[in-house]
1. Suppose all protein chains stay in the model; what accessible area per residue would a 1.4 Å probe give for region 97-183, in Å²?
2. Would you mind calculating the gained length between LEU94 and SER64 on full extension (0.36 nm times residue separation, minus the Cα-Cα distance), in nm to one decimal?
3. Taking each pair of different alpha-carbon atoms in the chain once, compute 1/r for the pair, average those values, and report the inverse of that mean as the Kirkwood hydrodynamic radius in Å to one decimal.
4. Express in nm, to one decimal, how much length is gained between ASN146 and THR5 on full extension, taking 0.36 nm for each residue of separation and deducting their alpha carbon distance.
5. Hey, could you get me the Stokes-Einstein D for region 106-257, Kirkwood radius over alpha-carbon pairs, 25 °C and 0.890 mPa s, rounded to whole µm² s⁻¹?
6. Spin-label point model (7 Å from Cα, Cβ direction): what's the ASP15 to VAL78 distance in nm?
7. Using 0.36 nm times the number of residues separating ALA203 and SER221, minus their current alpha carbon distance, what extension gain do you get?
8. Sort the following peptides by mean Cβ neighbour count (other Cβ atoms within 10 Å, averaged over residues), highest first: 141-147, 168-174, 41-47.
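The values are calculated or read from the model by the stated rules, or taken from the named source; none is laboratory data. This is a predicted model, so every value here is computed, not measured. Methodologically, a virtual Cβ is constructed for each residue, glycine included, from the backbone with ideal geometry; neighbour enumeration extends over all protein chains shown. The protein model used for the area step is the full one, side chains on, heavy atoms only, and it has no ligands, DNA or RNA in it. Shrake-Rupley method; radii C 1.70, N 1.55, O 1.52, S 1.80 Å.
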Amino acid sequence: YKYYTFTGDGSITVDVAGVIDLLLVGGGGGGASAQNINAGAGAGGGAGEVNGITNFFVNPGTASITIGGGGAGTEDYVLPGVNGGRTGFVLGSLFATAIGGGGGGGAYNLLPGVIGASGGGGGERADQLGGAGLSYYGNNGGAGSNDLAGGGGGGAGAVGADSTGGNGGNGGSGTNVFSDWATATSTGETGYYAGGGGGGSEAGTVGAGGLGGGGDGGVNSAPGQNATVNTGGGGGGCETGKGGDGGSGILIVRVTI
């Protein structure tokens with residue numbers, strides 16, 4: 001195979017009608033905070049969609065490629081993290097897409113983690129559930145709890161973990177189903193894409209970001225960690241400071257030679 005890797009918006013020209021393979025990863029959701037209330041912690045963001053398409057027939061023409069940006073992490077306890085952006089491939093009437101991951105839940109917004117390709121974790125409330133994961137390789141975020149910690153964002157390979165005992169939930173692992181693509185293009189994280197962000201904690205152990213670029217949570221005054229760019233990972237949640245930004249997506253075109 002020959003691979004064409006896009007880490008930002010661009011285009012590719014198809015000279016002859018035929019079939020190609022596509023791998024699209026959407027942007028990861030941003031992590032959330034408990035800023036300004038000094039109690040509790042926000043949750044990790046959910047991972048972007050991973051969408052592999054084989055034998056995709058295309059006619060000659062120039063394809064437009066859009067890479068989904070990572071959702072911004074927030075530093076307002078009312079607001080959840082921002083959802084990640086969509087990655088897309090358009091050529092004529094043909095369209096392929098991978099949606100973004102859901103943002104992590106803020107500490108006191110009394111809303112669950114945001115729905116997305118994988119759902120964001122729930123912020124620090126016993127009744128704040130993780131958001132639902134909508135995509136084939138998507139999973140739900142973990143729940144927050146009343147012991148001052150946020151849930152982990154869902155990953156493409158596993159659900160985000162619930163927060164327990166004052167500790168943030170770990171982000172769900174990404175998927176390595178397309179590890180040959182990652183190896184051939186030197187992208188992803190050890191063959192994985194789309195790990196969930198770890199939940200933050202006020203005084204306990206933070207949630208670890210899921211394998212596949214997820215950002216770790218932050219504790220006390222430490223911010224949530226940003227996800228790795230071009231992996232679709234979710235950003236980490238935190239207590240004070242800013243939640244981590246989600247990782248941008250990626251698109252890879254593969255042709256047989």
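1. Values: 3000 Å² over 87 residues.
Result: 34 Å² of accessible area for each residue.
2. Values: separation 30, 0.36 × 30 = 10.80 nm, distance 1.07 nm.
My answer for the length gained is 9.7 nm.
3. On the way: mean 1/r = 0.0607 Å⁻¹.
Across the chain, the inverse of the average 1/r is 16.5 Å.
4. Values: separation 141, 0.36 × 141 = 50.76 nm, distance 4.37 nm.
Between ASN146 and THR5, full extension yields an extra 46.4 nm.
5. Numbers: Rh = 14.2 Å.
Rounded, D is 173 µm²/s.
6. A separation of 5.8 nm, rounded to one decimal place.
7. Details: separation 18, 0.36 × 18 = 6.48 nm, distance 0.98 nm.
The span from ALA203 to SER221 would gain 5.5 nm if fully extended.
8. Values: 141-147: 29.6, 168-174: 37.1, 41-47: 55.1.
Final packing ranking: 41-47, 168-174, 141-147.
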